Amino acid sequence: MQAKHRSFRDIIFILLAIAFVFLFPHLAFLPVPFLYVLPVLFFVWLFLKRTGENFTSIGFSFNRFEIKSIFIGAASAIVLFVFLQYVFFPLLSSVVVLHPANLEDFKNIRHHFLNFIFILIAGFIVGGFYEELVFHGFVFTRIERIVKGKFVVPISFIITNVVFGLYHFQLGMAGMLNAFLAGCAYHYLMIKFHRNLWYSIFFHAFFDAIGLTYIYLGIW
């Protein structure tokens with residue numbers, strides 16, 4: 001009975017932790033843009049420490065950096081962006097009514113080079129490093145601890161990327177769908193390379209960089 005109680009308590013802690021990393025960036029209203037990164041990463045570190053783990057346990061370590069992760073991430077980002085932008089979404093829009101993603105938060109970078117560079121750098125840190133560490137590292141491995149059965153990895157994979165897609169709710173339905181599909185791609189690459197987050201970090205960062213460039217140029 002005590003073991004079951006402890007297991008249930010751990011599940012509650014995990015769900016609360018996932019809720020925190022999901023909600024805090026949207027609700028914190030901190031005075032400096034992207035400042036939420038620091039408290040959330042600190043929270044993740046504390047949570048992992050509580051269970052005797054560290055960032056290496058969820059796929060991130062400076063010692064696991066591989067130079068090829070940059071080139072594979074960049075190439076994967078180009079292929080995925082072209083597919084989504086010029087194949088998938090045009091086909092989907094021909095079948096259902098799908099409003100474009102809400103990019104209002106990025107309007108200040110259109111034709112403004114300094115703002116573009118700032119958001120580009122922030123995008124690498126937040127979009128690439130932070131979101132991959134938090135979602136495809138921390139959230140994914142926490143969900144794996146809850147899911148039972150022989151399909152732990154695929155089920156945890158789908159749930160993680162649904163959460164990742166919903167996390168981008170401010171972008172609207174098209175934005176959430178784009179985030180879900182891209183998240184699946186980032187995540188797959190990370191798992192393919194022995195759960196090395198460097199691959200998904202660069203994949204994510206370059207994919208976001210292409211999108212931000214489209215906004216800067218006024219294409220979006």
Would you mind giving the three semi-axes, in whole Å and largest first, of the ellipsoid equivalent to segment 2-217 according to its Cα gyration tensor?
-> 29, 19, 18
Residue separation between PHE62 and PHE118 times 0.36 nm, minus their alpha-carbon distance, gives in nm 17.7 nm
Mind jotting down a quarter of the surface of the convex hull over the alpha carbons of segment 1-107, in square nanometres, one decimal?
-> 11.9 nm²
Report, please, the projected area of segment 90-191 averaged over directions, based on the convex hull of its C-alpha atoms, in nm².
-> 8.0 nm²
So which GluC sites (Glu not before Pro) in segment 1-105 pass both tests, a DSSP loop state and at most 13 other Cβ atoms within 10 Å of the Cβ?
-> GLU66
Just need the relative contact order of the chain here, percent rounded to a whole number, with Cα pairs under 8 Å and 6+ apart.
-> 31 percent
Given H placed 1.01 Å from N in the peptide plane, which residues other than close sequence neighbours of ASN102 have an amide H under 5 Å from its amide H?
-> GLY172, GLY175
Label-point separation in nm, VAL152 to PHE34, each point 7 Å along Cα→Cβ | 3.5 nm
Would you mind getting me the FRET efficiency between LEU46 and ILE210? Use the beta-carbon distance for r and R0 = 35 Å, nearest 0.05.
-> 0.50
ALA19/ILE125 FRET efficiency (R0 30 Å; Cβ-Cβ; nearest 0.05) = 0.80
Segment 96-153 and segment 33-87: distance between their alpha carbon centers, rounded to Å | 10 Å
Report, in order of residue number, the helices in the chain meeting two criteria: a C-alpha extent of 15 Å or more along the helix axis, and a mean Kyte-Doolittle hydropathy of at least 0.5; treat each whole DSSP H run as one helix.
-> 2-27, 37-50, 68-83, 152-167, 172-192, 197-217
With labels modelled as points extended 7 Å from the Cα through the Cβ direction, what inter-label distance (nm, one decimal) is found for TRP220 paired with GLU53?
-> 3.1 nm
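No value in this document is a laboratory result; all are computed from the given coordinates. Since the model is a prediction, treat every value here as computed from it, not as a measurement. Ideal geometry is used to build each Cβ from the backbone, glycine not excepted, and the neighbour counts take in all protein chains shown.
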